[in-house]
Amino acid sequence: MKNYSKEVDSLNKPAILGGTKAKTKPFVQWPQWDESEEEALINALRSGKWSRRNSTNLNEKGASSYIELLEEDIKKRFDVEYALAVASGTAALDVAVRAAGIQPGDEVIVPAYSYIASATCVLHAGAKPVFVDILEDTWNLNVNLITESITSKTKAIIVVHIAGQPSNMTELMKIAKAKGLIVIEDAAQAIGAMWGNSYVGTIGDIGCFSLESTKNVTAGEGGIVTTNNVELYKKLYSLHMAGRPFGGEWYQHESLGWNYRLSEFQAAIAYVQLQRMESLNKIREENAIFLREQLKDFVGIKITGIEESVTRQAYHLFTFRFLPEEWGSFTRKRFILAMNAEGIPCYEGYKNPIYGTELFANQGYLSYKQLCPIAEKICSSSVWIPQNVLLGDKTDQKEVVYAFEKICKSFR
Ligand SMILES: *Cc1c(COP(=O)(O)O)cnc(C)c1O
């Protein structure tokens, strides 16, 4: 193991055994805001326009609300034709699956390791998620396993850029094209990440983002859907607008839709937060690179790898595996408690692959356990450090490394 700092020579006792904490000052809080958010909120309030009415015209120039400002900004920033603000990331996935025409009897490929909404959107449409295992190195969908999971009923693939790390979109798009499948990107954790020259969420047919309070761009709650296809955009719009046709009347309802609109107050905050995205993602990435370098030779943990063509990571989480075989009787649970005692926030993450949650297990999905050994392995050994840790300064990162060092040296 590498020696990180002087202190290591006289390594302090782990905090969990009564030693001094590795962390000397609190981490940066999340969410972050200043007067710009306050000003935007007041502007939204005083405008008297608190929600979107059915006024959008594709040819209309100039934004007249924060919702439209937000959508225009997303379009420009990510170089995508259409963007639609919605109530949540879950709502984004819901309208995406419906707009893609997924119906009862259809099958949709979903990675086994993700947040439950990546799969409940399929159930909600009456269709069947088909879970595919992930890669041990990156925790993203193993695209090599997709083809064997495709049947005559398969209509779409939902790909998740887990923890902010883009999935292999080049290979995935090849398969989707060859098989005539729609691709929905769940980029809830990866806003601002890039695969090659493209932002995630703009490579497949539809992209979904979350603005929930832990996410890297947040309005407390909220979501965004992106697409380059005008027909899909009109469907997405209608679905989030109680089934009103795009450009139709307020009491004209054409299809089964919901009220999945974002409010002006949320849009005001999201718009200002979006202006911070690049600079904050850059800090996260720089600090993550530092941590990777410092921790790479530590025995007992394995930092999550990065796919080849990733040009920008969004680091919603800094993830690694606790390798139980290296720790004797010392468990992941104790490791996390020891880290927490040092003042480093971290936790296990998803307890089960999606099929192992009660909702899916009770519907017979547990049979996927045999097909997804890697997702099982990751769930039983994963550790997540939240993104606000990566927003700190160098001292913060050095203290994180020091905490690892104390624990690895004392308990392994
Ligand atoms: C957060 C998240 C969602 C859902 O977003 P909400 O805004 O919480 O509804 C979907 N998929 C993934 C991978 C997420 O992390």
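For the range 118-188, the square roots of the Cα gyration tensor eigenvalues, ordered a ≥ b ≥ c, give a/c of at least 1.5 with a/b no greater than b/c, which places it in the oblate category.
Roughly what % antiparallel, to the nearest 5, for the DSSP beta bridges in the chain? Bridges in the chain that DSSP calls antiparallel: roughly 60 percent. Taking each residue as 0.36 nm, the span from Glu35 to His124 lengthens on full extension beyond its C-alpha to C-alpha distance by 28.0 nm. In a simple Cβ point-charge model (Lys, Arg +1; Asp, Glu -1; nothing else charged), the chain has a dipole of about 700 debye relative to its Cα centre.
Paramagnetic label reach from Glu81 (point 7 Å along Cα→Cβ; backbone nitrogen cut-off under 14 Å): within the range 188-202, residues 202.
Candidate membrane-span-like segments in the chain, meaning DSSP H helices with Cα atoms spread over at least 20 Å of their own axis and a Kyte-Doolittle mean of -1.0 or above, are 264-295, 394-411, with no membrane implied. In the chain, a dipole from Cβ-located charges (positive for Lys and Arg, negative for Asp and Glu) runs towards its positive end, and of Ile184, Ala125, Cys372 it is Cys372 whose Cα lies farthest in that direction.
Each residue in Thr138, Thr226 was given a count of other beta-carbon atoms within 10 angstrom of its own, and listing them fewest first yields Thr138, Thr226. Let me check against my output: what whole-number percent is the relative contact order of the chain, with C-alpha pairs under 8 Å and at least 6 apart? Reported relative contact order: 22 percent.
Each part reduced to its alpha carbon centroid, the range 349-412 and the range 203-268 end up 31 Å apart. The fewest-to-most ranking of Glu38, Glu212, Glu325 by surrounding Cβ atoms within 10 Å reads Glu325, Glu38, Glu212.
Less than 5 angstrom separates the built amide H of Val183 from those of Ile157, Asp205, Ile206, all sequence-distant by 5 or more or on a different chain. Distance between the modelled labels on Tyr347 and Ser213, one decimal in nanometres: 1.2 nm (7 Å Cα→Cβ projection). The charge dipole of the range 7-151, taken about the Cα centre with unit charges on the Cβ atoms of Lys, Arg (+1) and Asp, Glu (-1), comes to about 480 debye, rounded to the nearest 20. Rounded to the nearest 20 debye, the dipole magnitude of the range 78-184 is 360 debye, with +1 charges on Lys and Arg beta carbons, -1 on Asp and Glu beta carbons, and the Cα centre as origin. Is the C-alpha gyration tensor of the chain telling us rounded, prolate or oblate? Criteria: a/c under 1.5 is rounded; beyond that, a/b larger than b/c is prolate, otherwise oblate. It is oblate, given that a/c is not under 1.5 and a/b is not larger than b/c.
Apply the Debye scattering formula to the range 188-232, with a single equal point scatterer on each alpha-carbon and no solvent, then give log10 I(q)/I(0) at q = 0.28, 0.29, 0.30 Å⁻¹. Each listed q corresponds, in turn, to -0.97, -1.00, -1.03. Each Lys or Arg adds one and each Asp or Glu takes one away; over the other residues whose Cβ falls under 10 Å from the Cβ of Leu390, this sums to -2. Counting charges near Leu93 (Lys, Arg +1; Asp, Glu -1) among other residues having Cβ under 11 Å from its Cβ returns a value of -2. For the range 155-287, the relative contact order is 16 percent, taking Cα pairs closer than 8 Å that sit 6 or more residues apart in sequence and dividing their mean separation by the residue count.
As a proxy for reagent exposure, ranking Tyr66, Tyr347, Tyr355, Tyr233 by other Cβ atoms within 10 Å from fewest up yields Tyr347, Tyr233, Tyr355, Tyr66. Solvent-free Debye calculation, one equal scatterer per alpha-carbon of the range 157-261: log10 I(q)/I(0) at 0.17 Å⁻¹ equals -0.84. Taking a ≥ b ≥ c as the square roots of the eigenvalues of the Cα gyration tensor, an a/c ratio of 1.5 or more together with a/b no larger than b/c marks the range 213-255 as oblate. Kirkwood radius for the range 70-148, taken over all pairs of different Cα atoms as the inverse mean of 1/r, rounds to 14.1 Å.
The C-alpha radius of gyration of the range 211-349, expressed as a fraction of 2.2 N^0.38 Å, stands at 1.51. Between amide H atoms placed 1.01 Å from N, distances below 5 Å from Val132 occur with Val110, Ala112, all of them 5 or more places distant or on a separate chain.
With 29 Å as the limit on Cα-Cα distance, the pairs of Lys25/Lys76; Lys377/Lys409; Lys76/Lys296; Lys13/Lys302 that go past it are Lys25/Lys76; Lys76/Lys296.
From the residues Leu172, Leu291, Leu84, which one has its Cα farthest along the dipole of the chain in the positive direction, the dipole being from +1 and -1 charges on Cβ of Lys/Arg and Asp/Glu about the Cα centre? Towards the positive end, the residue furthest out is Leu291. Tell me what the chain gives for mean residue ellipticity at 222 nm when only DSSP H runs of n ≥ 4 count, each as -39,500 (n - 2.57), the sum divided by the residue total, rounded to 500 deg cm²/dmol. After summing the helix terms and dividing by the residues of the chain, the value is -11000 deg cm²/dmol.
Across the range 304-394, Cα-Cα pairs more than 17 Å apart make up 61 percent of the total.
If Rh is defined by the Kirkwood formula over all Cα pairs and Rg also comes from Cα, what ratio Rg/Rh do you get for the range 43-200? Ratio of gyration radius to Kirkwood radius for the range 43-200: 1.01. Please give every one of the aspartates and glutamates within straight-line cross-link reach of Lys179, meaning a C-alpha to C-alpha distance under 19 Å, and leave out same-chain neighbours fewer than 8 residues apart. Within the straight-line limit of under 19 Å, Lys179 reaches these aspartates and glutamates: Asp106, Glu107, Glu148, Glu171, Asp205.
A short reminder: the numbers here are calculations on the coordinates, not readings from a lab. Everything quoted here is computed from the prediction, not taken from an experiment. No Cβ is skipped: glycine too gets one built from the backbone with ideal geometry, and neighbour counts run over all protein chains shown.
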